[in-house]
Amino acid sequence: MSESNSTGAAGDNEIAIRLPEQLRKLRRARNLSLESLGSLAGVSRSMLSQIERGQANPTLAVTVRISRALGVSLDDIAGIYPDSASTIEVFRASDRSLDFRTDPDCSLRTLSPSRLWEDVEFYELTLAPGRSLTGAPHIRGTFEFVTVEHGVVVVSSGEKTEQLGTGDSASYPADIVHAIENRGKDTATAILVVRYLGQVTK
């Protein structure tokens, strides 16, 4: 089956117009290159590039693979959002599509609508004892904010480090190498907020 349909199919014009920009925003918010997203989704880099340039209209199967790789719904990737003035958007604990990372050492669960990802992201972080979440530098001007719900963690940003206990919060530059490490004997949980203050670039 072909990876794409001809662009501008009848009845799909509105989605086709929004999809390129929305895919680009979601990919950049995740700090994913075209190659990385392509590997996760099982879609060629060239196809993703064509979609982002509005030169290809992907099939439903390809769109589903891309949305799963990004951890978002089809509505999110198509740029279709509920009316925020009249709708309560709920994120259920049972919704596994919100799990950004899940392994025995660390879990990171998305708590924010993907339409905000170009500006701010909210996560619930769980770290096993002795484990850490290390982040490569984000785009220039990015800050992170962490509030510890349970346990003891050490936050590092560049050469600076601070120990936080239950109820403590910290903010730090995230456009340099940064990390959150569980130094305690129990599993640590925290709320992590990523705030993009700089310009998003390719």
Pairs needed: first member in the stretch 155-173, surrounded by 12 or more Cβ atoms within 10 Å (Cβ to Cβ); second member anywhere, in a loop (DSSP other than H, G, I, E, B) and acidic (Asp, Glu); C-beta distance under 9 Å; at least 6 residues apart or different chains.
GLU162/ASP168
Please find, within the stretch 79-105, the residue that is surrounded by the fewest Cβ atoms within 10 Å (Cβ to Cβ) out of those that are modelled with pLDDT of 80 or more and of a type outside the set (Lys, Arg).
SER94
Which of the residues that make up the stretch 174-199 are closer than 17 Å to GLU124 by Cα, surrounded by fewer than 19 Cβ atoms within 10 Å (Cβ to Cβ) and small (Gly, Ala, Ser)?
ALA179
Taking the conditions exactly as written (over 24 Å from ARG28 (Cβ atoms), out of contact with any strand residue (DSSP E or B) (no Cβ under 8 Å at 6 or more places or on another chain) and acidic (Asp, Glu)), does ASP168 satisfy them or not?
no
Options LEU60, LEU108, LEU34, LEU48; residue that is out of contact with any helix residue (DSSP H, G or I) (no Cβ under 6 Å at 6 or more places or on another chain), modelled with pLDDT of 75 or more, more than 25 Å from ILE180 (Cα to Cα) and hydrophobic (A, V, I, L, M, F, W, C)
LEU60
Please find, within the stretch 125-153, the residue that is surrounded by the fewest Cβ atoms within 10 Å (Cβ to Cβ) out of those that are of a type outside the set (Gly, Ala, Ser) and touching a residue at least 60 places away in the same chain (Cβ under 8 Å).
ILE139
Which residues, taken from the stretch 86-106, are in a loop (DSSP other than H, G, I, E, B) and among the aliphatic types (A, V, I, L, M)?
ILE88, VAL90, ALA93
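The values are calculated or read from the model by the stated rules, or taken from the named source; none is laboratory data. What you see is a predicted model, and the numbers here were worked out from it, not measured in a lab. No Cβ is skipped: glycine too gets one built from the backbone with ideal geometry, and neighbour counts run over all protein chains shown.
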